[in-house]
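> This is the structure, below, for whatever I ask next.
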Amino acid sequence: MYTIGQVAGFLGVSRDTLKYYEEKGLVQPKHDETNGYRKYNQFDIHDVITTNFYRELDLEIKRIQEIKNSNEMDDLKHVLEEKEAEILKELAYKKLLLKKIKSVKEDCVKIREQLGKYTIKEMKPLKVEGELSDYTAYNEYEIIRNNTEKMKKAVTLTSARRVIHFDSDEIKMDKFIVVSKLDDTAQNHNGEVLAHPKCIYMVLENGRAVNGGKNIDDEVGEKLFEIARENGYELLGIGYINILLTTYVEGIERVFLEMYCPIK
């Protein structure tokens with residue numbers, strides 16, 4: 001037989017927790033008639049261990065009481081299956097969070113290495129899921145939530161692309177699309193798939209901390225044509241711009257973008 005203090009010590013629970021379990025009928029140690037002290041036998045200790053397990057599963061006390069008072073093994077099996085499904089769902093979400101963290105870390109490296117430079121790079125296949133009228137058309141963001149990997153609270157714009165069509169004089173068309181990544185273009189997919197083997201790739205900086213939020217299209221266009229002219233690249237007159245990351249300088253946004261401009 002063990003005292004409440006001993007049980008609390010070797011099971012790592014507080015005396016108050018053990019008293020609470022007793023109050024709820026989850027453990028019923030005998031009380032010494034001479035001094036009123038609780039005496040826990042091996043079965044009482046099993047009750048505490050089992051109750052702790054159920055509490056670790058975030059089962060409510062009422063549910064634990066139901067399990068304890070049920071004679072059906074299937075009742076316990078059903079409860080465990082429910083918790084298993086919840087945990088698997090949470091694990092899937094945590095994996096998504098880890099994937100997002102990895103992606104943002106990679107974007108940080110990309111910004112550090114590519115900002116202010118350019119390279120020739122493939123734009124990997126993207127499936128077009130829909131179209132937005134603008135990044136600021138927040139009432140249209142349902143298409144982002146429905147067609148991309150979901151976060152519980154956050155709407156991320158990594159799946160949105162600004163698409164510009166241009167010539168040497170001006171931007172001819174400007175639209176915003178929602179995309180999802182594909183492994184390759186050989187798969188059978190319904191809808192439009194974008195893929196370009198050779199692009200001028202640049203990381204750009206925008207935002208109020210940099211330029212007060214003014215339009216940088218002309219500046220970017222001049223840089224793009226300069227690169228093409230100096231290297232003999234023939235632009236296809238289209239560009240895809242993606243928001244990589246937003247950071248802050250004294251509370252004012254620095255927005256980093258990546259741009260793919262296909263060439264022949």
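> What shape does segment 196-264 have by the C-alpha gyration tensor, where a ≥ b ≥ c are the square roots of the eigenvalues, rounded means a/c under 1.5, and otherwise prolate means a/b greater than b/c and oblate the rest?
In terms of gyration-tensor shape, prolate.
> Another one. Can you give me the C-alpha center-to-center distance between segment 16-55 and segment 184-258, rounded to a whole angstrom?
65
> Which three lengths, in whole Å and largest first, does segment 108-262 cover when its Cα atoms are put on their principal axes?
Largest first, segment 108-262 extends 45, 43, 31 Å along its Cα principal axes.
> Hey, got a sec? Which GluC sites (Glu not before Pro) in segment 1-97 land in a DSSP loop and have at most 10 other Cβ atoms within 10 Å?
Glu33, Glu60, Glu72
> Also, I was wondering about something else. Run the dipole for segment 4-69 about the Cα centre, Lys and Arg Cβ at +1, Asp and Glu Cβ at -1, nothing else charged, and hand back the magnitude in debye, nearest 20.
40
> Determine the relative contact order of segment 4-69: mean sequence separation of Cα pairs under 8 Å and six or more apart, normalised by residue count, in whole percent.
Taking the mean separation of contacting Cα pairs over the length of segment 4-69, I get 28 percent.
> If you don't mind, another one. For Val27, list long-range residues whose amide hydrogen, built 1.01 Å from N in the peptide plane, is under 5 Å from its own amide hydrogen.
HN-HN under 5 Å from Val27: Glu22.
> Would you mind ranking Met73, Met259 so that the residue whose beta carbon has the fewest other beta carbons within 10 Å leads the list?
Ordered from fewest to most neighbouring Cβ atoms within 10 Å, Met73, Met259 come out as Met73, Met259.
> Please compute the net charge surrounding Ile200, taking Lys and Arg as +1 and Asp and Glu as -1 over other residues with Cβ under 10 Å from its Cβ.
Cβ neighbours under 10 Å give a net charge of +3.
> Between beta-carbons, use under 12 Å as the cut-off and find the net charge around Glu253, counting Lys and Arg +1, Asp and Glu -1.
0
> Going by how many other beta carbons lie within 10 Å of each one, how would you line up Thr156, Thr51, fewest first?
So the residues, fewest neighbours to most, are Thr156, Thr51.
> Sticking with this one: 7 Å from Cα along Cα→Cβ at both Phe10 and Glu66: what's the point-to-point distance in nm?
3.4
> Using modelled backbone amide H atoms (1.01 Å from N, in-plane), which distant-in-sequence or interchain residues come within less than 5 Å of Glu129's amide H?
The list, which skips near neighbours in sequence, is Val178, Val179, Ser180.
> Which is farthest toward the positive dipole end of segment 108-262 among Ile144, Leu235, Met123, measuring Cα position about the Cα centre, with Cβ charges +1 (Lys, Arg) and -1 (Asp, Glu)?
Ile144
> Rounded to the nearest 0.05, what FRET efficiency do Asp167 and Glu250 give with R0 = 45 Å and r taken as the Cβ-Cβ distance? Could you check?
0.70
> How do Phe256, Phe176 line up, fewest other C-beta atoms within 10 Å first?
Ascending Cβ contact count within 10 Å gives the list Phe176, Phe256.
> What size of dipole, in debye to the nearest 20, comes out for the chain about its Cα centre when the only charges are +1 on Lys and Arg C-beta atoms and -1 on Asp and Glu C-beta atoms?
620
Bear in mind that the values in this text are calculations on the coordinates, not laboratory data. Given the structure is predicted, the values throughout are model-derived calculations rather than measurements. Cβ sites come from the backbone with ideal geometry, for glycine too, and all protein chains shown count toward neighbours.
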